[in-house]
1. Within the range A:9-45, which residues are at positive phi and among the hydroxyl-bearing types (S, T, Y)?
2. With the structure loaded, tell me whether C:K122 is facing chain B (nearest Cβ under 7 Å) and among the basic types (K, R) or whether it fails that test.
3. Could you say whether any residue in the range A:17-29 is part of a loop (DSSP other than H, G, I, E, B) and either away from chain B (no Cβ under 12 Å) or crowded, with 23+ Cβ neighbours inside 10 Å (or both)?
4. So if I check each of B:L67, B:L55, B:L4, which one is assigned to a helix (DSSP H, G or I), farther than 30 Å from A:T94 by Cβ and not basic (K, R)?
5. I'd like the full set of residues that are assigned to a helix (DSSP H, G or I), polar (S, T, N, Q) and within 10 Å of chain B (Cβ to nearest Cβ), limited to the range A:88-113.
6. Just the residues that are within 14 Å of chain A (Cβ to nearest Cβ), within 18 Å of B:L99 (Cβ to Cβ) and hydroxyl-bearing (S, T, Y), please, taken from the range B:65-86.
7. Given the conditions (1) surrounded by 17 or more Cβ atoms within 10 Å (Cβ to Cβ); (2) at pLDDT 85 or above, and given that A:L165 satisfies all but one, which numbered condition is not satisfied?
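The values are calculated or read from the model by the stated rules, or taken from the named source; none is laboratory data. Bear in mind the structure is a predicted one, so any value in this text is a computation, not a measurement. Neighbour counts run over all protein chains shown; Cβ positions are idealised from the backbone, glycine included.
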Amino acid sequence: MNNSYIKIDTLSKSFGFKKVLDGINLQFEKGDFVTLFGPNGAGKTTLIRILSTILKSDEGNITISDYDIKKNVSDIRKIIGLLSHENFLYQNLTVTENLIFFAKLYNVKNSEESISYKLNKIGIYSKRNELIRNLSSGMKQRVSIVRSLVHDPEIIFLDEPFVGLDIEGSEYLLELFSEFKKENKTALVTTHDLRLGLHECTKVVVINKGQIRFNEIIENVDVNSFESTYKSLIA
Amino acid sequence: MNTLAAVLWKDIINELRTKEIVLSMAAFSVVLVVIFNFSLVINRDNIGHLVPSFLWISIIFVGTLGLSRTFAIEKENSAITGILISPIDRSMLYFAKVLSNLLYVLIVQFLLLFLFLFMFNINLTGNILMLIIVMVLGAVGFSTLGTLFSTMAINTKLRELLLPVILFPVIIPVIINAVKATSLIFSGGGYTEIKPFLNILIAFDIIFLVTSALVYEFVVEES
Amino acid sequence: MLVSTYAAFIYAPTEVIMGHIQRIFYFHMGTVWVATIAFIIVFVASILYLINGKRKWDVLAYTSAELGVFFITLTIITGSIWAKPVWGTWWTWDPQLTTTFILWILYIVYLLIRANSGYDEKKAKYSAVFAIIAFIDLPLVYISARVMRGISPVVFGPGGGGIEPKMLNALLITLVSFTLLFILLLVERIKIENLKYQINKLIYTENN
């Protein structure tokens, strides 16, 4: 038995000859709030896609909550959520229809009530019967936040969640982050916005060219000088 | 099973709201039948052979048009990714997509049948129940591989262009047997005459429903 | 050693196709036999690829499909040449010919999918799926073609009855030599494919 909640062991992935991830080793505990920094093309998104089971790795092992990603993938899928800069919503369905549909995929019973509650919280309850195609991109992203939480996942992966989100929406998201921490949920956020990224996190990881360059708990990170540290890491 | 119903329900709501798939299929059907009516010289001798052939050719053409669209909806906003991160079984997703494709094909198929009967002044005298069975079996066969290959085609460089190229040669057994059975029914053939064709259609439907469900994950998931 | 095996293979078929027009039959049988083996390999290798995702199975399926298409093209050409004097026509739509023709198209489509599916893994997966479906489809095509012509759907009828021992020997020699030729070509083709892969990899690392 391994003790870590999420354990990534010598993970590698190539697209053609391009090695996107090269021997990644990471371990996170339950309740960790990890921020993953890195420039474009560093492999952040690929790592998130592999962790959220939509992409298969070439080499290496991943276990999440003691489930092996190769053997018990559907057990993992039940407890993870994914929020990306793409919103994964159907254009011609209303907000509520979309959310009820995704809730049904997770066999969530009586989802309407909790959906209304979550919509209310994120400030778009009044838009619940609008078609997605008629919403602004900031609004769509807020709906997508509710979509990723529709089954109350234990672990949430957020791939550039602030992209396309308005200021008000970003504040809601940061509020949500602190709530995650209270509920002892685990989150992994990728971003290249240093200010937003360091806001609630407990762990900081920097990835560049498919390799881990920095992996520290927040107590060991000097937040004020982190920008120059980061720049030297990705140079 | 719940998840299958959910995906199907979502597709139907989407289609009821936009009507884009069935309407464009229906419009294409009308155009095709009118063109055939202008270009074919039909008389009592060849009607039994020509009409079933052209009916099934039309079904395949119009059906292919719809197939490309049903999966394109999933690609908008990458909505399919939202489905793929959920614990839904990939074969369930496949069956749901087969059912929604089948629904569109069936609607247009019977519209086409009606158009052919109407435009070519045919009095349908054969066994109508038998005809319905043949048409449904043919539509199922078309939808099984159609769903699999449309998912595949949309993820390639050629997109919709590749679909007829890969789909048509493989569904030749469906076309041959459906055309033969339909023309036998038109000429008043009974169950015993049609049975061999029906058997092959049933075999085709079952074999490819099972095989496609097994391999669907390799086509729908990214690599 | 390579040279001597090559000589033997090139020598053996030339011996057979010389002379009488009917002798093309051996060549015809040789190519169809090898093509059948090739397509069975494509089918099995494709299944194995989908199961474990190893590149070698994809290379085997691809190279074998390429050779299969080459040999089945020869089958169709030699068959037509043979059929012209014997049946008085280049081509008929009897069940066997129909099936062969569709088989030929299916594997050309297979190569087309490979050419248009983007990067390596996707290409390998999609073509493997298509290869499996196409292979399962062929018996159905054959049965359909039989039923269409009003022949009861027996899967395989017996071939010609009385065949002379000498002809049988010639046939067996042809089949063996064609099989060996096929294996040789396949091995060489796989080597070329692997070299190509190495070269592309070198070019890639050179550029980055």
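1. Hit for the range A:9-45 is A:T10, nothing else.
2. Details: facing chain B (nearest Cβ under 7 Å): yes; among the basic types (K, R): yes.
So C:K122 passes the test.
3. Yes; the residues of the range A:17-29 include at least one that is part of a loop (DSSP other than H, G, I, E, B) and either away from chain B (no Cβ under 12 Å) or crowded, with 23+ Cβ neighbours inside 10 Å (or both).
4. Result: B:L55 is the single residue among B:L67, B:L55, B:L4 that is assigned to a helix (DSSP H, G or I), farther than 30 Å from A:T94 by Cβ and not basic (K, R).
5. Residues of the range A:88-113 assigned to a helix (DSSP H, G or I): A:95-105, A:111-113.
Still in the list and also polar (S, T, N, Q): A:96, A:98, A:111.
A:N98 - this is the single residue of the range A:88-113 that is assigned to a helix (DSSP H, G or I), polar (S, T, N, Q) and within 10 Å of chain B (Cβ to nearest Cβ).
6. Once the filter is applied, which keeps residues that are within 14 Å of chain A (Cβ to nearest Cβ), within 18 Å of B:L99 (Cβ to Cβ) and hydroxyl-bearing (S, T, Y), the range B:65-86 yields only B:T70.
7. Answer for A:L165: the failing condition is (2).
Quick grid of which residues meet (1) out of contact with any helix residue (DSSP H, G or I) (no Cβ under 9 Å at 6 or more places or on another chain); (2) over 17 Å from B:D205 (Cβ atoms):
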{"position": "B:K75", "(1), (2)": "no, yes"}
{"position": "B:S86", "(1), (2)": "no, yes"}
{"position": "B:M92", "(1), (2)": "no, yes"}
{"position": "B:L106", "(1), (2)": "no, no"}
{"position": "B:F118", "(1), (2)": "no, yes"}
{"position": "B:L129", "(1), (2)": "yes, yes"}
{"position": "B:A139", "(1), (2)": "no, no"}
{"position": "B:S143", "(1), (2)": "no, no"}
{"position": "B:K157", "(1), (2)": "no, yes"}
